[in-house]
Amino acid sequence: MVNFFYERDYYHLSSNQRLAHKIAEILNIPVGKTEIRKFLDDEIMVRNLSDVRGKDAYIIQSTSRPASDNILEVLILINALKNSGAKTINLVIPYFGYSRQDRIALSGEPVTAKVVADMFQSAGIDKLITVDLHTYQIQGFFSCPVINIETSELFGAYYHKYFESQGINEHDVVVVSPDHGSVLRARDLGSAFKNASLAFIDKRRPAPNQSEVVSVIGDVKDKHCVIIDDIIDTCGTINNAYDALVSMGAKDVYVCATHAVFSVNELNKKIKHIVVTDTIEKDDDSISVITVANLIADAILNK
Ligand code: R5P
């Protein structure tokens, strides 16, 4: 069994150094070495500096901002590892960038989630491990096995403990999906609380990066509302959901979201508590962070 671990090398590139080290520590294996350079014309070079011959290599990298550079780093390292004789190349993408463009909403639009999936696939990956993919269908864009780790249980355990410490009765908790895309996440999170009910927000997007609430479905009056989403980017979805819930009489609002993209960092300060994961590295003391390192380590071990 021990040899099984030593047969693997793990790589972090630019985006998830801390997370990669945590995973390696849990698995008790060293992090593989790379040299990353950018030439004067912005071309990227990633060189493998570890002995990977005959080994299963795991590359850990979120394709968060700068998404295009991070994607290229991965593609280039895949090639370098193949040239170095790795037996299999396994990709761990905690945050899968470009995933929100996953369907044709207006004629002429691309499906960029498929474009990116095709690039990784044709570069020759053997497996993909990712966290809370924006939509389940993206798994079908790959022909290799895909493990999509879900975090609602992690958030459920977190808020269960948090409410207990604050003396909040879980009968007064409502789990809120801020749009139709997070309904299943809300249902899963709700199962962590005793008799919590669910509410849904009918959100529309009049233009990219803009959102508006049409209505709130469910009773939130005098309730502690927990909004769950996969991504916080411009903060529009969460802030609009907060306004709608408060206008419907919610007592207070809590938030959990997997991927802290935060292109704009302007969450409403009146939100009682916010927790995200470390799929994207974030240094902000006002936001709690829970790690997905154990979940990823389990997925690597196929637990
Ligand atoms: C949308 O479908 C996603 O699930 C998130 O709700 C969205 O990406 C959040 O983006 P923003 O913070 O810009 O509203």
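The values are calculated or read from the model by the stated rules, or taken from the named source; none is laboratory data. Since the model is a prediction, treat every value here as computed from it, not as a measurement. In this analysis, Cβ positions are derived from the backbone assuming ideal geometry, glycine residues included, and neighbour counts consider all displayed protein chains. Surface areas here come from the heavy atoms of the whole protein model, side chains and all, with no ligands, DNA or RNA. Shrake-Rupley method; radii C 1.70, N 1.55, O 1.52, S 1.80 Å.
Residue count for segment 152-178 satisfying the condition of being closer than 24 Å to Thr112 by Cα and open to solvent by 60 Å² or more (accessible area, probe 1.4 Å): 0. Among residues that are of a type in the set (Asp, Glu) and closer than 23 Å to Asp132 by Cα, Asp243 is not included.
For (1) open to solvent by less than 50 Å² (accessible area, probe 1.4 Å); (2) at positive phi; (3) out of contact with any Pro (no Cβ under 8 Å at 6 or more places or on another chain), each residue gets a yes or a no:
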| position | (1), (2), (3) |
| --- | --- |
| Val255 | yes, no, yes |
| Thr258 | yes, no, yes |
| Phe262 | yes, yes, yes |
| Asn265 | no, no, yes |
| Asn268 | yes, no, yes |
| Ile274 | yes, no, yes |
| Thr279 | yes, no, no |
| Asp285 | no, no, yes |
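A search for C-beta distances below 8 Å between a residue of segment 95-106 that is surrounded by fewer than 21 Cβ atoms within 10 Å (Cβ to Cβ) and any residue that is among the acidic types (Asp, Glu), counting only pairs 6+ apart in sequence or on different chains, returns Gln101/Glu109.
Residues of segment 56-103 that are assigned to a loop (DSSP other than H, G, I, E, B) and of a type in the set (Ser, Thr, Tyr): Ser62, Thr63, Ser64, Ser84, Tyr95, Tyr98, Ser99.
If you go through segment 128-138 one residue at a time, do you hit one that is more than 16 Å from the ligand (Cβ to nearest atom) and in the same structural domain as Asp69 (by TED's automatic domain parsing)? Within segment 128-138, one or more residues are more than 16 Å from the ligand (Cβ to nearest atom) and in the same structural domain as Asp69 (by TED's automatic domain parsing).
Each residue in segment 129-141 was checked for being aromatic (Phe, Trp, Tyr) and in contact with an Asp or Glu (Cβ under 9 Å, 6 or more places away or on another chain), and 1 of them qualify. Restricted to segment 122-151, and to residues there that are more than 21 Å from Thr279 (Cβ to Cβ) and assigned to a helix (DSSP H, G or I), the residue that is least open to solvent (accessible area, probe 1.4 Å) is Ala123.
Would you please name the residue that is nearest to Glu266 (Cα to Cα), looking only at residues in segment 183-194 that are more than 13 Å from the ligand (Cβ to nearest atom) and of a type in the set (A, V, I, L, M, F, W, C)? Selected residue: Leu189.
The numbered conditions (1) modelled with pLDDT under 95; (2) open to solvent by 40 Å² or more (accessible area, probe 1.4 Å) are all true for Val52 except (2).
Here Ala257 meets the list (1) small (Gly, Ala, Ser); (2) within 12 Å of the ligand (Cβ to nearest atom); (3) assigned to a helix (DSSP H, G or I) almost entirely, failing just condition (3). Here Thr34 meets the list (1) buried (at least 18 other Cβ atoms within 10 Å of the Cβ); (2) modelled with pLDDT of 95 or more almost entirely, failing just condition (2).
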